[in-house]
1. Restricting the search to segment B:54-84, which residues are under 18 Å from the mean Cα position of the chain (by Cα) and crowded, with 21+ Cβ neighbours inside 10 Å?
2. If the Cβ limit is 6 Å and pairs must be 6+ apart or interchain, which residue in segment B:197-212 that is farther than 16 Å from B:ARG278 by Cβ pairs with which residue that is not in a strand (DSSP E or B)?
3. Give segment B:116-152 a look and list any residue that's within 18 Å of B:PRO102 (Cα to Cα) and polar (S, T, N, Q), or say none.
4. Of all the strands (runs of 3 or more DSSP E) wholly in segment B:181-286, which have at least 2 residues that are in contact with a Pro (Cβ under 9 Å, 6 or more places away or on another chain) and under 21 Å from B:PHE24 (Cβ atoms)?
5. Inside segment A:1-54, counting only helices (runs of 4 or more DSSP H) that do not spill past its ends, which hold 2 or more residues that are within 14 Å of another protein chain (Cβ to nearest Cβ)?
6. Hey, which of the strands (runs of 3 or more DSSP E) in segment B:1-117, taking only ones fully inside, have at least 1 residues that are in contact (Cβ under 8 Å) with a residue 24 or more places away in the chain and touching a Lys or Arg at 6+ places or on another chain (Cβ under 8 Å)?
7. Going by what's in this entry, would A:LEU69 be described as within 15 Å of A:GLY103 (Cα to Cα) and part of a helix (DSSP H, G or I)?
8. Would you be able to tell me the number of residues in segment B:83-113 that are facing another protein chain (nearest Cβ under 8 Å) and under 12 Å from B:ASP147 (Cα atoms)?
Amino acid sequence: MKKIKALLKLDFQLLAPYWKWWLMFIGFSLAIALLNQSGFFFIISLMIFAGTVMAFPYESTEKSNLGILYATLPTNRKSMVFARYVMVLIVFVISYAVAIGAGIIIDLAFHQTLDGRMILLATALAFAMYTISVGFQTPFLYRFGYQKGRIFMWIPIILVNIVLMLPAFAQMANLNRSLNVMATFGNHQTLTNIISFAVGVVAIIASYIASHIIYLRKNI
Amino acid sequence: MEYAIEIKNLKKKFGKFGVDDVSFALPKGYIMGFVGKNGAGKTTTIKSILNMLIRDSGEVKIFGKDNLLHEADVKRKIGIVMDSPFFEENWTLIRTGKALKPFYPDWDNDLFMKMLSEFSLDPKKKIKELSRGMKMKIMISCAMAHDPDLLILDEPTSGLDAVARDELMSILKKFISNENKSILFSTHITSDLEKIADYITFIDDGKIIHSDTKDNLLEKYVVVKGGLGLLTAEQKSLIIGYDESRVNFDGIVAMEKLAQLPNSIVTEACTMDELVVRFNKGGGIQ
């Protein structure tokens, strides 16, 4: 337990210098929310970007040769991977708290309200987006390092943001058939919640297992 | 006899590099110089000891414990210095110590700060602001602050000036004055070996050529010189690192094979320099 705490402390120390990226992601998510006039989109977008934040400890590790530091520490690779995924969950909680708070404020600004059902939906989708983003990129980062692996972290973001921004662009292009993402989720909320949580849990567990296998065999 | 490091039949291949059937042992309380030219396999061996490289086969024990099965226990007692620093470049020296402290129950922060002071290192300076010699000193400070029983240094003097190298050698001598402490350091600088090593292990092309006490090795071989044409082809094959100029030849030969060479050859006592250079050149029936 002490080792996990020590590893978490070390990992967060590597994450701290990237606070400017946080601000940039908040700004970008705000832009998406304003485009769609909905705090809901802020929540989803920020949670996807929060997933990319989890790549930064790998950048720091590569830049400063910290792979050797980790290898010299009196701990094992299993604990290192476990601690990194505990960090994933902690960052989710912190990011979600920021996202939901700001999302509610944005909705109030557009004279909308996020009721309990919508908050639950937002939670489920945010969890799914975040865990898919982190879950997808992390094994690649372990396998290829940050420089080569970082391209993979943008794939889920690009795909999901295209889907999120389609309603706005559809309306701007004045298409007859516009995709109403909100309505689709809203009409099947319970199913969406269950599927989102389930997908998120599966994504993060699969990612953890893959990272575990990859890192235990990796030559540093 | 207790051993700080025991390596048996270590094999690790990756790409063009690797080590093959490496075996040697460092008795507790001694210093071993691990010698070989660039690309010989020194760093590969050290990384295999630290589990940075996952070995293909073989056994590595540190103080009698397998380095894979007891990884955390083993590393708690090892201090490591590499040829380049491995700390976050924007950390200050104080922060570096704080980052490492939670991992070591025996971390002595007073000792850490004392070492920084003795090395004239400003604790508020960042890692990226340090010179090559200073970076080596901060690595030494971090390595020694948790009271390790084994220091492993990979080319620690590479890129250092003579004064800095001498300082490092003094630190290592002081460390080893405790008979429970051991040191393994890799180098291709022979003067480092002559100053402090008790044992020498030669590695070349991924294989161990020799591993013995420094005194035994120096007594085991002798430098031979003579005129060209003095030796038969068979006699030349006995000479390690055989080299010839227009009129003379030289090399080293094992003492037990000296009798097979002509009486007229000149012999001289072997130095560490000669041993390293000649072993690297190869040849001789070893």
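The values are calculated or read from the model by the stated rules, or taken from the named source; none is laboratory data. None of the values given here were measured: they were computed from a predicted structure. We place every Cβ from the backbone using ideal geometry, glycine too, and count neighbours over all the protein chains shown.
1. B:VAL60, B:ILE62, B:ILE78, B:GLY79, B:ILE80, B:VAL81, B:MET82 - these are the residues of segment B:54-84 that are under 18 Å from the mean Cα position of the chain (by Cα) and crowded, with 21+ Cβ neighbours inside 10 Å.
2. From segment B:197-212, the pairs are B:ALA197/B:LYS214; B:ASP198/B:TYR30; B:TYR199/B:TYR30; B:GLY206/B:GLY41.
3. Within segment B:116-152, just B:SER141 meets the criteria.
4. Details: elements: B:182-187, B:199-204, B:207-213, B:221-227, B:240-244, B:248-254, B:266-269.
Qualifying strands (runs of 3 or more DSSP E): B:182-187.
5. On the way: elements: A:2-15, A:19-36, A:39-53.
Per the criteria, A:2-15, A:19-36.
6. Values: elements: B:3-14, B:17-27, B:31-35, B:57-62, B:78-81.
Ranges flagged: B:3-14, B:17-27, B:31-35, B:57-62.
7. On the way: within 15 Å of A:GLY103 (Cα to Cα): no; part of a helix (DSSP H, G or I): yes.
So A:LEU69 does not fit the description; no.
8. Adding up the residues that qualify gives 1.
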